[in-house]
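Written out below as structure tokens is the structure these notes cover.
The values are calculated or read from the model by the stated rules, or taken from the named source; none is laboratory data. Bear in mind that the values here come from a model prediction, so they are computed numbers and not experimental data. Here Cβ is always computed from backbone atoms with ideal geometry, including for glycine, and neighbour counts include all displayed protein chains. Accessible surface is based on the protein model in full, side chains and every heavy atom, while ligands, DNA and RNA are left aside. Shrake-Rupley method; radii C 1.70, N 1.55, O 1.52, S 1.80 Å.
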Amino acid sequence: MSSLFTWVLFTNVTAQKKKIVINSNDALKTEAINELQSKYADYKKIALQIWDYAEVGYKETKSSALHQKTLQDAGFTVQAGVADIPTAFVATYGSGKPVIGILAEFDALPGLSQTNAPEKQTAGKNAGHGCGHHLFGTASVAAGIEIKKLMESRKLSGTIKVYGCPAEEGGSGKVYMVRAGLFNDVDVVIHWHPGDANGVTITSALANKSAKFRFYGIAAHAAASPERGRSALDAVESMDYMVNMMREHVPQETRIHYIITNGGKAPNVVPDFAESYYYVRHPKKDDVVAIFDRVVKAAEGAALGTETRMEYEIIGGTHDLLINHILADVMQKNLEKVGGVIYTPEEIEYAHKIQSTFTFKYPEISTAATIKPEKDDKDAGGGSTDVGDVSYTVPTVGMNAATWVPGTPAHSWQAVACGGTDIGIKGMMVAAKTMSVTAIDLFTTPALIDKAKEEFKQAKGDYQYKALLGDRKPALNYRD
């Protein structure tokens, strides 16, 4: 597509400054932004329906089906049940190059049931969207449909793919999709994530490896014949004690967390089964593997010392995130064009009530309307994501949008509440618009994709991708 105006992208990815001339596509971008805004009510309805479903990882049957139907009704061809995951899908429209992928997530978190009230108030469910994935998936579907419309009107050419990615929260859904080769023909992948501010993702993520450790002992009466028993719970607690001592002797960036998922059923019965669930995180994938192996040794020692038997099941494993600065520069410019979230007086009142529940210093509400400047930060973020595995396969770019009141932590009841209001929906639409106009630049500027691929190859180096979770099948019941 031709344009009367162009803008120039400068980037310092390597020592030599690169220059890429990109068509401004102002008219096309304005059309996309306005069209998406006209569908605000439709996408709000979808997002709030999935917010209400609140389905956990690999159990997102209704959420996935709603996204698939929305895409099918819009003219996409949907391949469901990919990568041996019933709720995963790939929706495709168009043909030929370039192939642009958009990631969509839709899983909720257990134990975070909450209404949209600005005070803690359970909705009587088993889960809640504390990470905003009901917004994540809906914005991505909306962006994909908007690009499809532009292709249909012959204003763009190529292929758009929307990836339905289950179980991001600990289930590593995208890892299986990467392993199945579903991204092998894609040129660039776009994603986003809900948050309390608007900005392009220019920090990495922590690599992560997780497992459930299961101990098998011998049951006995805890009072009448304790000497006959061998406590599986003792083994779990022994392992936890050793790992907690190990924290002093691991790199300071390491994060290790665990819960006891099964500690027995009655105090007067020596437990013959107990289980703990561990996460190990570190900015570097190789260090994660090494530290995880030490955790396994602690489990083996616990079993030896308590005369129990131990086995463990790898549940998830994700890479750190490769940042593509060329793509980030483009998305930054487009996010600034779209702008942030403007609150109504009623929403400001709601936001003040949410912030009154915080026990820490928080930003001004007005920051939801601003865009963070693009500032390079080589430190890994505080979380992990299976987008990291995608980023080691194809050039990837992402952003955050202010779907929550400024200061709201992820995985909190406050995040669930905000996600059920127009505050969340407005941020969702910021993401949908930004991803759409960024895709427009990719479809109309082949040199941009070429430069992004050059940077990707340089960042990846000689590393040959290998899933940290090995060759196991998807852990479809990890939330059970």
*For segment 304-315, state whether one or more residues are of a type in the set (Ser, Thr, Tyr), in a loop (DSSP other than H, G, I, E, B) and either in contact (Cβ under 8 Å) with a residue 24 or more places away in the chain or open to solvent by 80 Å² or more (accessible area, probe 1.4 Å) (or both).*
yes
_Residue, surrounded by the fewest Cβ atoms within 10 Å (Cβ to Cβ), within segment 191-210, restricted to residues that are over 19 Å from residue 130 (Cβ atoms) and in contact with a Leu (Cβ under 9 Å, 6 or more places away or on another chain)_ = 203
_Only one of 325, 319 is in contact (Cβ under 8 Å) with a residue 40 or more places away in the chain, open to solvent by 50 Å² or more (accessible area, probe 1.4 Å) and touching an Asp or Glu at 6+ places or on another chain (Cβ under 7 Å). Can you tell me which?_
325
*asked:* Pairs please, first residue from segment 235-247 and closer than 15 Å to residue 260 by Cβ, second anywhere and surrounded by fewer than 21 Cβ atoms within 10 Å (Cβ to Cβ) and of a type outside the set (Gly, Ala, Ser), Cβ atoms under 8 Å, 6+ apart in sequence or on different chains.
replied: 235/310; 236/260; 236/275; 240/258; 240/260; 243/256; 243/258
*Identify all residues within segment 195-217 that are modelled with pLDDT of 95 or more and polar (S, T, N, Q); write none if there are none.*
198, 208, 210
*Within segment 307-335, track down each residue that is of a type outside the set (Asp, Glu) and within 17 Å of residue 192 (Cβ to Cβ).*
321, 322, 323, 324, 327, 328, 330, 331, 332, 333, 334, 335
*If the Cβ limit is 8 Å and pairs must be 6+ apart or interchain, which residue in segment 440-467 that is in contact (Cβ under 8 Å) with a residue 60 or more places away in the chain and more than 30 Å from residue 26 (Cα to Cα) pairs with which residue that is among the β-branched types (Val, Ile, Thr) and part of a helix (DSSP H, G or I)?*
465/178; 467/175; 467/178
_Search result, residues across segment 107-132 that are open to solvent by 20 Å² or more (accessible area, probe 1.4 Å) and in contact with a Leu (Cβ under 8 Å, 6 or more places away or on another chain)_ = none
*Looking only at segment 392-406, decide whether some residue is out of contact with any Phe, Trp or Tyr (no Cβ under 8 Å at 6 or more places or on another chain) and either at positive phi or free of Cβ contacts under 8 Å to residues at least 40 places away in the same chain (or both).*
no
*Inspect all residues belonging to segment 456-466 and state whether any of them is open to solvent by 10 Å² or more (accessible area, probe 1.4 Å), in contact with a Pro (Cβ under 6 Å, 6 or more places away or on another chain) and either modelled with pLDDT of 95 or more or among the aromatic types (Phe, Trp, Tyr) (or both).*
yes
*Scan segment 276-303 for residues that are under 26 Å from residue 479 (Cβ atoms), open to solvent by less than 70 Å² (accessible area, probe 1.4 Å) and either in a helix (DSSP H, G or I) or of a type in the set (A, V, I, L, M) (or both) and jot them down.*
280, 285, 288, 289, 291, 292, 295, 296, 298, 299, 302, 303
*From the list 390, 394, 405, 416, pick out the single residue that is open to solvent by less than 20 Å² (accessible area, probe 1.4 Å), of a type in the set (A, V, I, L, M, F, W, C), at pLDDT 95 or above and under 15 Å from the mean Cα position of the chain (by Cα).*
390
*Sort out which residues of segment 160-192 are under 21 Å from residue 453 (Cα atoms) and charged (D, E, K, R), and write them in order of number.*
161, 174, 179, 185, 187
*Matching residues, segment 118-146, being outside any helix (DSSP H, G or I) and polar (S, T, N, Q)*: 121, 122, 126
*So, of the residues in segment 357-369 that are closer than 17 Å to residue 119 by Cβ and in contact (Cβ under 8 Å) with a residue 12 or more places away in the chain, which turns out to be most open to solvent (accessible area, probe 1.4 Å)?*
362
*Please indicate, with yes or no, whether at least one residue in segment 183-201 is within 30 Å of residue 312 (Cα to Cα), part of a strand (DSSP E or B), touching a residue at least 12 places away in the same chain (Cβ under 8 Å) and not hydrophobic (A, V, I, L, M, F, W, C).*
no
*What are the residues in segment 215-239 that are under 30 Å from residue 384 (Cβ atoms) and open to solvent by less than 50 Å² (accessible area, probe 1.4 Å), if any?*
215, 232, 233, 235, 236, 238, 239
